[in-house]
Each structure stands twice: as C-alpha cells, then as structure tokens.
Amino acid sequence: MNLRLHIWRQKEPGAQGMLKTYDVADVSEHMSFLEMLDVLNERLLENGEDPVAFEHDCREGICGTCGIVINGRPHGPVPKTTVCQLHMRSFHDGDSITIEPWRASAFPVVKDLVVDRSAFDRIVQKGGFVSVNTGNAPDGNAIPVPKVNADLAMDAASCIGCGACVAACPNASAMLFTAAKIGHLHSLPQGQTEKGARVYNMVLAMDDEGFGACTNHLECEAACPKGISALFIAKMNAEFVINSLL
Amino acid sequence: MNTELSGRTPLGSLADKWEKHKNELKLVNPSNKRKYSVIVVGTGLAGSSAAATLAELGYNVTAITYNDSPRRAHSIAAQGGINAAKNYQNDGDSVWRLFYDTIKGGDFRAREANVYRLAQVSGNIIDQCVAQGVPFAREYGGYLANRSFGGAQVSRTFYARGQTGQQLLLGAYQALSRQVGLGKVNLLTKKEMMDVVVVDGRAHGVVIRDLVDGKIEALTADAVLLCTGGYSNVFYLSTNAKACNVTAVYRAYKRGALFANPCFTQIHPTCIPVSGDYQSKLTLMSESLRNDGRIWVPKERGDTREPNRIPEDERDYYLERKYPSFGNLSPRDIASRAAKEVCDDGRGVGPGGKGVYLDFADAINRLGRNVIEDRYGNLFEMYQRITGEDPYSVPMRIYPAVHYTMGGLWVDYNLMSNVNGLFVLGEANFSDHGANRLGASALMQGLADGYFIIPYTLGGYLASTGVGERTEAVREKATEAVQHSEEKIRHLLAIKGNRTPTSFHRELGKIMWDKCGMARNEQGLRSALVEIPQLRDEFWNNLKVPGTGEELNQSLEHSSRVADFLEFAELMVRDALHRNESCGGHFREEFQTEDGEAKRNDNEFTYVAAWEYNGNNAPLMHKEHLRFENVELATRSYK
Amino acid sequence: MRRLIEVWRSTVFQKWVMAVTGVMLGGFLLAHLAGNLLIFVGANDMNAYAVELRELLHGSAIWVLRAALVIGLVLHVRAGIVLAQRNRKASGGRYAVTSYQRSTPASRTMLLSGLLILSYVAYHLAHFTFGAVHAEYYHYFDAMGRHDVYRMVVESFRQPVITILYVVAIIVTGFHLQHAIASAFQTIGINHPRYSPVIRMSGTLLSILIVIGFISVPMAIIFGFVQ
C-alpha cells in the first residue's frame, strides 16, 4: 500500500517544529508501524536527509520506550497495543497519517518524535517502592497474598511507563501512571507499611513535575496499551485524602 | 603463549564453598564504604539490583544506562519465569537438583562452584522479590504458584503472568529508584559506555558519551561493574531489543579483559517466524507455552493443507516422538535443532517452510479455553497482533531465533574479570550457563549476581586493594581514552559513503546466521572469516551517517555499535571454528551422532576458551580447564 | 501546617473540593427542584413553603444554608478555574489531529458550562430572590399577605425571553451534571468495575430527570396546565 505521512520534525528542545509530509510506497501489511518508519528512514538516509528520530527498543510491547501519537491517538488506532506492535494491516492504501510526539509540558520534546519522560522516574523515586534492603526478606511464602489481591496488583504493575496516559489526557495528567504504581504496591501486604507516605509523596511529586489534574475524561484508560483501569485513580484519590488528613 | 587460567574457586566441599568464601572475604568497615565509588554500567536485572544493593550498603554508586530510564533495560522482556529451588511443590526439588539440571542443561561447560552457588541463592531471590512487592502468581490459598520449564522434571519456576522479567526488573528498578531518591545513586540516563580506563591492569573508570548532546567524558571510580547484557544482535535479527549491543564488553575486551566462549549462543525454539525482508526483530513466544502446547509438523513433505484439516495420524509430534521423557519440554538447544531438522527435511509449515506448529487444541479441550486464557492470555494476544491469526482456533507457527548468549567476558568466582576491579554480571559474563542456558535461569543469574554475590565479592576486592588513587597516570589514561572515543566518532562521521549502518548490520547478521547460527561447519566458518573482514573494510570506507556528533543522532549510535559487532563477529567465528565438538548451543555438523544428536568431546574441550585481544593479530586463547568433582560428565539425554 | 497547605494545593485535594462542593450544589439543586414542583400542587402550598423556608429556626436556617451554598459555590468555581489553568499549562500545545475515545463533549467543556451556569445563577438570583431584575413580578402578595411566589413564577415564565434563557440554562446544567455526577464518585474514590457503569448510567439518567423536572414548570405554564 502507499501512504502519505505527516510527521512532526523538530531539531532540538525548544526549537520551532512543524509537520512535514512524506510519501511511503509499497508498504507491506505485515510490517509493524515502526518497521514502516524504518523503511522511510533508510530512504531518507540514502537521500542524505536527516532520518526521523523516534524511540523504540524491545519492539515487543513491554519496554515502554516507543510511543507516538498517530492520527490523534497515542500508540495508534488499535486498543491495548503499543506502536511497535501495531501492524500496517490496520491501515489502508492511500491513508494519510499524522504522526506527532507525546505532548505535555512535563515531557519536553528532545528531537522529532522523542520526548523526555524522566519525570516518571522522579515520581517513582519519591515513593514507588517498598523500603526493603537486600537481605531483609522473610521466606516468600511467609505472607500469603489472596489471589485476587495478587491479580489486582499485577493488573496495576503491568504499566510499562510509556506515557500514553499523559499523551492522551487533554490535561496531560499523570494520574494513571502514578495511581498504577501506588495501586500495585497497595494491593499487597508488602506495600502497607509505607502506604500514607507513599501516596502523599508521589502525588506531590506528580504535581511538582507539572502534570495536569484529572478531570475524569478517562482518555488515559482508553489509550493505555496495557489496559490499566482508572479504578486505580479512584483508589489513589481516596487514599491520598484519607492518609494526608488523618 | 596460552596460559592456564584459574577461576579462583575456593576450596572445600561444593556445598560449603560459598559460605566459607563469604566468611573469608575481607570486609569494608561501614563508615569506610562511602569512600569507595563504584560505576555500574547497565540497569537491567543485574545492574539495577547491584546498584541498589551496593548503595544500600553505603557505597557511592553511579549507574549508567543508554535508555531514557533504567526500567527500559531488556531484562524487561523476559516472559516465562525465574527458577528457584524452593521445593514449595513438594516434588523433590533441591539445591542439588537445580544445580544438576543447570550444569547438565549447559552441557557440562560451566564451572561447578558457580552453578552450585547460583542454585544456593536462588531461594533468597524469590524472598527478596516478594518483599519488594513483585506480584508473583499465587494459588487460591495465597501461596506462590509454580510452573514447569524446559530441561527440568520439577515445577520450580515462579512467574508473574507472562511478564516475569518486567516485574522482576521493576522490583530492582524500584529498589534502585529508592536509592536515587535518597541521593545514594547518581543515575545517568541516555549515556553510552565507550571505553574502560585501565591503568596497570586495574580498571579506574569508564568513558561515556551523552546520546543527547554527544559530549564524551571520563568517570573515575574504584571499581567498574559491567552489566551490559548479551550480544545476540550480532545476528541482526534476534529477540533482543534493538539497542542491545556488544560495545561495552567488546571495548573492555580491547582493553585487556578476556572474552570467554563467544560461540555459545542460544537459539530459542519458540519465536514468531520471519515475515519479510523489512523485519527488524524477532518476537519470542515464552517457553512456558510448551507446558500446554504440542509441537508438530505434517508427516508428509510439502503438505499444504490447513493445519486443522490434517488428521491426527498424519501429524508428527516430533519432540514427543524423539524425546519421550521430556517431550515438548526438551531444552532449548534440542528443541531448536529438532525444528531446524524437520524444516530442512521439507516438512516446515508457513511461508518458505520455515515454521512448525505449536498447537493448543488438546489443552483447550482438556482444560477449557478459560484456563488457557488465564495462563497465556497476553501471549496469545501478542501472537494475534503480530500475525493476524487467532491461536485459539489455529495452531501457532513458530521457528527458532537467536535469544541469549552464554558467552561473555571471562570472570573468576568473584565475578571479576582478569582486569582488576572490572566486574562483569548477568548475561555479560560467561559464567553459569555453560554451552546452553535453561529457561527461567537468566533472571535467576542476573539477580543472584546483583543482589547476593557482588555485594560480598566487591567488598572483598575493595577491602584488599584500597581506594584507587587518581594518579597522574590515571588522569592521562582517562584523557587519552576520551580522545580515542572522540576520534572514533569523528571517523564514523567522516566516511560519508553510500551505505546505511542498518544495511551493514543486516548483511553481517545474515553471514552470522548462515555460517555461525544454529548449525555450523568448518567450511562455513572459514568462509565467514573471509567475508566478515571484507564487510568491515567496506563499512569503514562506505558508511553513510548523516548529521553531527553533537546532537541526538540515532544513526551514529547504531553505526558505532555495528562497528564493534563487525569486529566481534570474527572473534565469535574463530571460537566456533576452534571448538571441534558439538555442545549445547554450539552445534558443529561434523560432530554429531548417527541420529543427529550433538557429540561432545570431553577429552579435548572441557575448558573455557578465553580470548585475549592482540591488536591486529589473531587473538590469543587462554584455557580454563573445567574440573567436575561432583557430577559425572554424562551424555546429555532427554530421551 | 505546611503539610495542610501542601495538601490543599495538591491537584487531588482540589478535585475533592470540586467533588464535595459539587455534591452540595447538586443537593441544593434537588431541593430547589422539589420546591419548584410545588407549583403543581397549588399556589397556597408553594407560598406557604416559601414562608416556612424563610422562617425556619427563627429565620436563621436560610442564612446558614445560603452561607454554605455561597462558600460551596466559591470553592467549586475557584477549584474549577485553578485546575483549568493548571491543565492548560500542563498540556503544552495540543495535537494537530485529535481523536477522542472516552471523553465526552460534556467532560471537555466543564469550565465553559460551569461559567455559563454561574452567570445564569447571578441573573436568576437577581430575578427571583432579590427582585433586582424583572421587579414587576416581584411585588405580588397573596390573600394571606404572603409573598406570592406562585404568581411571580407563573407570570415570569409567560415571558418568552425569561423562559428561553431558563430552558437553555437548565440544559447546560444537565450537560454539566451528566459528567459531574459520575466524576464526583470517581474523584472521591468510589469506583468498582461492577458498579461504576451503573453509577455512570444513573448519573446520566439523574441529569435528564433534573432537566425534565426543571423544564416542566415553564412548559406547564406556557401550555396552560398551570394558571
């Protein structure tokens, strides 16, 4: 199939960017979206042009490195799919596709489609862990965890930190990311001891990074490639107020 | 010329060695720990766990990753699970059995003492991870669940859905993040290691390049830990992440570290087959699928019927037929080779005949679709996304793909290379898996090295050598190493030829897969030794890299990595050529039994081949003879 | 104290302020609706209700209620504006192409609908509570000498302008509520995979009922059911 791409090109942080149009011919429907961009980049390189910078690594939907907005949707049109696992069979011959980076003040553009997501790491550094030094641990079976809780924890923990939730949110809020980490740890007995401090510090860190507030659009839930539920946001909201005021 | 290496394994009985060694290692006084600085390169399972644990102990730690976050390291992609000799299932597991399975699985090419230690600490890893909040799968009673993996007859694999690597890495990442938050780890992201600063046989630091602004600088420290993963991407197509590379360990090799057993590469039997020339990487389907999936091909050559229309008696469940006691759970090297064999026989399925079926129909009939969905739901979804086929109704098509590299920098029992103060952890070292790694053992090894081994052995090293003085010689060497790296970058940019780095990488990968892949022979290896240098010459004369070295330049990053692969590939081929035997992942066609099984040569090759860089001349080989005092060198049989 | 300030300034707490005051205002709206519907019972009951409301607890109750409402309204509006500003800053220039999946026109226009409602409320108070506009309908007294609320309402709604403004404002309010009700539950932490869809649907249903309830009054007047 033949496609027309409108891709955001921006030389460096803070520079003026713009959408540039590229035509790509003979795209196979078995290609992944990123492989289609590889093909474009090889051609640009051969023509001596600067290839489109985009982030990617594992290309199997788990590392969370890739992430671009395709026709207004983070990770493209297929639900619960990262862009590296999005295949061209989801598009048609003659389609016009607009490709933009994640947009949020807390995720400044580094180059083209690459953004700086280190804000996520800083939120985790403020409390997204259990304070247990290596060697402290009791036997793994010492504390039974009800299967439903373990499953719920796993649902939240499957977050890949890609930032699609922020990109999808009209407010660029990082609530789903933050709530997923909190929800993961708070569903387990191991996460209980530091519960109050964790939710307090992480919410404040999230605000400090300049993310927006949640207005319950639920775009995050729809965009999340791992299908993480906004249920965790509700839990975080309750825990934050209960733990900070009591 | 060739010297005999010693793994410096402690004396004593196998079971007591580690305990005894820990008691004998010197200790660093708690208040002195902060005087020592340690650089950890790589933030996967081994790197993150080591950096976090060393910071908890009080060392000054700098952690470096080329990704934008430590959580992106490729450990995250491990699906199936992590082994531990907990015997929670009461099925007869023990430290000894895990040790024995691992050393047998590795085709008796690993160091006994290291493997035994790995089995000993395996249980602690599970405990530690549970305490960190890793959401392992649980039974309804709330206790930890297990499943089976290839090469074992007990159920000892702990898992978190099909995302075990992710959850373990996030556990280590969280521990690391805690130390970063406390100011005890200096985390540097988007920095790639370019060189090691070595003075008088001791590592004093590394040279790093900022991938965003291109700045190259030297960092000094009292010890350097390389936790930089494997080199499967020398094949271009592998299940590794795109950025995985050999650069860090290869440049350490060029500074004097020995490279051990580079030809030991693992081909994973269950990957999604290649679909076209544009393909950028291969996707693994977890080995755990073989718990319930049955592997088969049609009995007749060129049978192009739909799989569901081929009757039962016209199917060849070749693993069950050839290896009745392990069946579909035969180890990876065996299962991969068997798949290649049936495809070479013309009975492969799918486009190009490069595939075999992995069929869940029986399991779905027996257990119901819900159970299968619960166990493998995310893997099935992934398969469907990539291929557009529904594995609940049509059997999956799979084919082997390069997955893991057992070879790596040579290390002694303390995980230190022959360069003092240069430690190597996880997949980057050669130590525990011999010639073939069993499923669910990579996660175990990475975390064992990082959480439970390096904290002791690094302390022992630092206590006995003291702070590495930043002498004039060190400063000079650091400056020189920085200049050397800058020069290399300038050189890549100055070629201004016509071919892209990817095209060279792809071509190299094809040479390696054809000549040094699942099956190797002398003739092929010799021709690879001619083709690789030719390709390398062309690379240095005809490479095209746009842009500059002072900006985010992904083509430049890639070129620099491909340059190292082009040198390293030759070393790998040399190693494969010299090892006149078949063992584990290294299958030499000349050395096989009549029914096509690998034929080991224990008399001549029970050693680790550790290669020393020798400038433009052929590398020198050193041998570490492996002594098996506790296990008998048996022919590996899974029949 | 520093902690309290930090909590107060946090986005999550401001959302709570929004939700809790929203629930208060919503409660008021329901009570108001109940009062309005007295028009279908008759002039006597409606005017009696008005007097009772003013004289409850020697006239203090209405002031307490009014104070609470004013505080609630101020906090609600303030939180809305503060968060909207923050969100605008955070979203950092949006996309050339947008494609929403779960958000609704209502959810995306809460600030606008809120401000429209606010301006209508000001006008509405000036009209029915203070008699500052349309004063001609304000000074009626019934046979018992009570403020004739019933007649004020009936005659006011016979004016097309007043009715149109009113109907538009109620529809905008319904629109606002449609997102607000489910949203408030989510904000204060009530979300369950089993019940949330029910909550969301009930929220929409309740919004529609409120709109119908409020609009039924002028409709009844215009079509002569209420004289």
(message) Can you give me the long-range amide H partners of B:D195? Hydrogens built in the peptide plane at 1.01 Å from N, cutoff under 5 Å, separation of 5 or more residues or another chain.
(response) B:V207
(message) At 222 nm, what value in deg cm²/dmol follows for chain C if DSSP H runs of at least 4 each add -39500 (n - 2.57) and the sum is divided by all its residues, to the nearest 500?
(response) -24500 deg cm²/dmol
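With +1 assigned to the C-beta of every Lys and Arg and -1 to the C-beta of every Asp and Glu, and no other charges, what is the dipole magnitude of the stretch B:500-603 about the Cα centre in debye, to the nearest 20?
Numbers: 13 positive and 20 negative charges, 18 e Å.
So the magnitude is around 80 debye.
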(message) If you restrict to DSSP beta bridges whose two residues both lie in chain B, what percentage is antiparallel, to the nearest 5?
(response) 70
(request) Using a Förster distance of 45 angstrom, determine the FRET efficiency expected from the C-beta separation of C:E155 and C:V64, and round it to 0.05. (result) 0.90
(request) Could you please state, rounded to a whole Å, how far the C-alpha centre of the stretch B:489-537 is from the C-alpha centre of the stretch B:37-73? (result) 33
(message) Taking the Cα of B:E373, stepping 7 Å toward and past its beta carbon, and measuring to each backbone N in the stretch B:118-154: which are under 20 Å?
(response) B:138, B:140
(request) Rank A:V166, A:A153, A:L113 by how far each Cα sits towards the positive end of the charge dipole of the stretch A:29-184 (+1 on Lys, Arg Cβ; -1 on Asp, Glu Cβ) and give me just the farthest. (result) A:A153
(message) Nearest 10 degrees is fine. How inclined is helix B:95-105 to the longest principal axis of chain B, computing both from alpha carbons?
(response) 80
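Nearest 0.05, what FRET efficiency do A:N2 and C:I5 give at R0 = 51 Å with Cβ-Cβ as r? Walk me through the numbers on the way to the answer.
Numbers: r = 59 Å, r/R0 = 1.15.
That pair, A:N2 with C:I5, gives E of 0.30.
Given 10 °C and 1.306 mPa s, compute D for the stretch B:134-273 with the Stokes-Einstein relation, Rh being the Kirkwood radius over Cα pairs; round to the nearest whole µm²/s. Working shown, then result.
Values: Rh = 18.7 Å.
The estimated diffusion coefficient comes to 85 µm²/s.
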(request) Treating the angle as unsigned and between 0 and 90°, give the value, to the nearest 10°, between the Cα long axis of helix B:112-132 and the longest Cα principal axis of chain B. (result) 90
(message) How shielded is A:23-31 by partner chains, expressed as the average number of their Cβ atoms within 10 Å of its Cβ atoms?
(response) 2
(request) Could you work out the relative contact order of the stretch B:268-402, using alpha carbon pairs under 8 angstrom and six or more residues apart, expressed as a whole percent? (result) 35
(request) Just the ratio, please: alpha-carbon radius of gyration of the stretch A:118-245 over 2.2 N^0.38 Å, N its number of residues. (result) 1.04
(request) Would you work out which of B:T304, B:G293, B:Y399 lies farthest towards the positive end of the dipole of the stretch B:268-402? Charges go on Cβ: Lys and Arg +1, Asp and Glu -1. (result) B:Y399
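Where does the longest stretch of chain B lie that holds no GluC sites (Glu not before Pro) found in a DSSP loop with 14 or fewer other Cβ atoms within 10 Å? Please report the intermediate quantities before stating the final value.
Details: sites that count: B:E139, B:E300, B:E389, B:E469, B:E550, B:E589, B:E590, B:E594, B:E629, B:E632.
Formally, the longest exposed-site-free interval is B:140-299.
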(request) For the stretch B:163-168, just list the computed ³J(HN,Hα) in residue order, Karplus coefficients 6.51, -1.76 and 1.60, θ = phi - 60°, integers in Hz, with x standing in for Gly and Pro. (result) 10, 4, x, 4, 5, 5
(message) Along the Cα→Cβ direction, 7 angstrom out, place labels at B:N521 and B:R301. What is the inter-label distance in nm?
(response) 1.7
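Using only helices, what value at 222 nm comes out for chain A when you add -39,500 (n - 2.57) per DSSP H run of length 4 or more and divide by the total residues, to the nearest 500 deg cm²/dmol? Could the numbers behind the result be given before it?
On the way: 8 runs with 84 residues, N = 246.
The helix contribution divided over chain A gives -10000 deg cm²/dmol.
Over the stretch B:1-122, what relative contact order in percent results from Cα pairs under 8 Å that are six or more residues apart?
Working: 111 pairs, mean separation 25.1, N = 122.
This gives 21 percent for the stretch B:1-122.
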(message) I need the P(r) histogram for the stretch A:71-174: all alpha carbon pairs, bin width 5 Å from 0 out to the longest distance, whole percents.
(response) 2, 9, 14, 17, 16, 13, 9, 8, 6, 3, 1, 1, 0
(request) On a 0 to 90° scale, report how tilted helix C:196-222 is relative to the longest principal axis of chain C, with both axes built from alpha carbons and the result rounded to the nearest 10. (result) 30
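Can you list which of the trypsin sites (Lys or Arg not before Pro) found in the stretch C:133-227 are DSSP loop residues with at most 16 other C-beta atoms within 10 Å? Walk me through the numbers before you get to the answer.
Details: sites: C:R146, C:R151, C:R158, C:R194, C:R200; in loops: C:R146, C:R158, C:R194.
Sites meeting the loop and neighbour criteria: C:R158, C:R194.
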(request) Express as a percent, rounded to the nearest 5, the fraction of DSSP beta bridges in the protein assembly as shown (both residues included) that run antiparallel. (result) 70
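Which percent, nearest 5, of DSSP beta bridges in chain A are antiparallel? Numbers along the way, then the final one.
Details: 14 of 19 bridges.
Roughly 75 percent of the beta bridges in chain A run antiparallel, per DSSP.
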(message) Taking 0.36 nm per residue of sequence separation and subtracting the Cα-Cα distance, how much length would be gained by fully extending the chain between B:L535 and B:Q384, in nm to one decimal?
(response) 50.6 nm
(message) Show me, for the stretch B:196-206, the HN-Hα J-couplings you get by feeding each phi into the Karplus relation (A = 6.51, B = -1.76, C = 1.60, θ = phi - 60°), rounded to Hz, glycine and proline as x.
(response) 10, 8, 10, 10, 6, x, 10, 6, 10, x, 9
(request) Kindly list the residues of the stretch A:28-48 that lie in the label zone of A:T21, defined by a backbone N under 12 Å from the point 7 Å along the Cα-to-C-beta vector. (result) none
(message) Explain nothing, just compute: Karplus ³J(HN,Hα) = 6.51 cos²θ - 1.76 cosθ + 1.60, θ = phi - 60°, for every residue of the stretch B:17-22 in order, whole Hz, x for Gly and Pro.
(response) 3, 5, 4, 5, 5, 4
(request) Please tell me which of these pairs span more than 23 angstrom C-alpha to C-alpha: B:K33/B:K191; B:K488/B:K623; B:K184/C:K89; B:K191/B:K254; B:K104/B:K639; A:K195/C:K15? (result) B:K33/B:K191; B:K488/B:K623; B:K184/C:K89
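For A:E49 and A:S131, compute 0.36 nm times the residue count separating them, minus their Cα-Cα distance, and round to one decimal in nm.
On the way: separation 82, 0.36 × 82 = 29.52 nm, distance 4.92 nm.
The A:E49-A:S131 span can extend by a further 24.6 nm.
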(request) Taking amide H positions as placed in the peptide plane 1.01 Å from N, state which residues far from B:Q266 in sequence (5 or more) or on other chains have amide H under 5 Å from it. (result) B:H403, B:Y404, B:T405, B:M406
(message) Can you give the FRET efficiency to the nearest 0.05 for A:E29 and A:R9, using r as the Cβ-Cβ distance and R₀ = 22 Å?
(response) 0.25
(request) Note down the magnitude of the dipole of chain B about its Cα centre, charges +1 on Lys and Arg C-beta and -1 on Asp and Glu C-beta and zero elsewhere, to the nearest 20 debye. (result) 940
(message) Give me, ordered by chain and number, the residues 5 or more places off B:A260 or on other chains with an amide H under 5 Å from its own placed amide H.
(response) B:G408, B:L409, B:W410, B:W611
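Bear in mind that the values in this text are calculations on the coordinates, not laboratory data. Since the structure is predicted, the reported quantities are computational estimates derived from the model, not experimental observations. Quick reminder, even Gly has a Cβ in these numbers, built from the backbone with ideal geometry, and neighbours come from all protein chains shown.
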